[in-house]
Amino acid sequence: MKKDQTLGEALRLKGISRRGFLKFCAATASMMALPPAMVPAIAEALEKARKPSVIWLSFQECTGCTESLTRSSTSTVEELIFDTISLDYHHTLQAASGTGAEDAREASMKENRGKYVLIVDGSIPISNPGYSTIAGISNEDMLMEAAEGAAAIVAIGSCAAFGGIPQARPNPTGAVSVSDLIKDKPIVNVPGCPPIPVVITGVLTHFLTFGLPELDHLGRPLAFYGNSIHDRCYRRPFYDKGLFAETFDDEGARKGWCLYKLGCKGPTTYNACATTKWNDGTSFPIEAGHPCLGCSEPDFWDAGSFYQALSTPTGDITRNTLYAAGAGVAAGAAIAAVNRKHRSSAEKRHEKVTIDDLEKESKS
């Protein structure tokens, strides 16, 4: 295999058909809320892309983020590792261990300096280096060394993005987030406890296809964190009508009424749970009858009871409706702006592409 083999060359050697490749590109466009006209642009970018080196560091974490990644159904972990990226270091998924593993990490960092993607899950303890070490190296030292030669950093999970559960009061380890320590590199935060599988793989695919995604004020990709769960929740109409479950086993709960009074943090939580869902789009916590905990937001672990409402809706419910609708419009405008930015250059090259053209190309 060529050292600088492109993704297109790798796919052809694996016997992947053009039709199958375009189907993957169409799924990627849909996942990132991009129009069908962007499919040829994605295909062109992936065809020419070279497999980037990825180094994944795990610090104070529960392995939940890796567990989530391995359960991705769109852009599976196998596709990412073998077709899209070169995962050169990952404690849980790599075959090597001990000295062999650390030698592989150092060799990859040296060979791909300035070009590799650094993924971090877990918070970093700074009160005492001995709280968490790898091969005798403190988490902080390993992060700083790896970040120096990285092209970009992706903080996977709320622990890496915001400090997470380890940072909960009284924070005995002095846990901090990646962005608390790294100030001179682009950082993409992919929070969640854990993040949705296809959000993890979608961000990596986006980086390979278009580069860094458009981010919100917390460094989260707008394609996945541009709308609140409340804006997209199927129980939203009950909220607008003032119909709330008061307990987990009352009539309202059985009828699927809004869970706001039971502590649902959907109105203040930005994530794709209500649209992308979990387990290949099967369900998400609210659909299973449990209020949203707000796990993709900073400090959700110290924000009070998970089962008490942020504030009980009182007075004219229409006022609540207008406020929520305004937030939805603002988020929708942000998403539209992002999509227009991504479309601008690619659509000019492919503006005459039609569905018939794609079907003809897929059969060739």
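Descriptive notes on the structure:
- Some residue of region 183-195 being at positive phi and part of a loop (DSSP other than H, G, I, E, B): yes
- Index of the failed condition, Gly289 passing every other in (1) touching a Leu at 6+ places or on another chain (Cβ under 7 Å); (2) surrounded by fewer than 23 Cβ atoms within 10 Å (Cβ to Cβ): (1)
- Residue in region 129-147 that is surrounded by 15 or more Cβ atoms within 10 Å (Cβ to Cβ), of a type in the set (Val, Ile, Thr) and in contact with a strand residue (DSSP E or B) (Cβ under 6 Å, 6 or more places away or on another chain) present: no
- Counting only strands (runs of 3 or more DSSP E) that fall entirely inside region 84-164 and contain at least 1 residues that are at pLDDT 95 or above and closer than 21 Å to Pro194 by Cα, the qualifying elements are 116-121, 150-156.
- Scan of region 37-68 for residues that are touching a strand residue (DSSP E or B) at 6+ places or on another chain (Cβ under 8 Å) and modelled with pLDDT of 80 or more, ordered by number: Pro52, Ser53, Val54, Ile55, Trp56, Leu57, Ser58, Phe59, Gln60, Glu61, Cys65, Thr66
- On inspection, Glu297 passes the criterion of being in a loop (DSSP other than H, G, I, E, B), under 22 Å from Pro194 (Cα atoms) and not assigned by TED's automatic domain parsing to the domain that holds Gly64.
- Positions within region 242-271 being of a type in the set (S, T, N, Q) and surrounded by fewer than 23 Cβ atoms within 10 Å (Cβ to Cβ), in sequence order: Thr247, Thr268, Thr269
- Residue check, Leu208 under 30 Å from Phe24 (Cβ atoms), assigned by TED's automatic domain parsing to the domain that holds Glu148 and surrounded by 18 or more Cβ atoms within 10 Å (Cβ to Cβ): yes
- Residues in region 217-241 that are of a type outside the set (Lys, Arg), in a loop (DSSP other than H, G, I, E, B) and buried (at least 16 other Cβ atoms within 10 Å of the Cβ): Gly219, Gly226, Asn227, Cys233.
- Scanning region 169-177 turns up at least one residue that is surrounded by 19 or more Cβ atoms within 10 Å (Cβ to Cβ), touching a residue at least 24 places away in the same chain (Cβ under 8 Å), within 19 Å of the chain's Cα centre (by Cα) and within 30 Å of Thr28 (Cβ to Cβ).
- Whenever a residue of region 201-218 is of a type in the set (Ser, Thr, Tyr), its partners that are surrounded by fewer than 19 Cβ atoms within 10 Å (Cβ to Cβ) and assigned to a helix (DSSP H, G or I), lying with C-beta atoms within less than 7 angstrom and at least six residues away or across chains, give the pairs Thr209/Ala45.
- Restricting attention to region 139-191, the residues that are farther than 26 Å from Gly211 by Cα and of a type in the set (Asp, Glu) total 2.
- Residue among Ala253, Ala303, Ala330 that alone is at pLDDT 90 or above and not assigned by TED's automatic domain parsing to the domain that holds Ile200: Ala253
The values are calculated or read from the model by the stated rules, or taken from the named source; none is laboratory data. Everything numeric in this text was worked out from a predicted model, so none of it was measured. Every residue, glycine among them, receives a Cβ derived from its backbone with ideal geometry; neighbour counts consider all protein chains shown.
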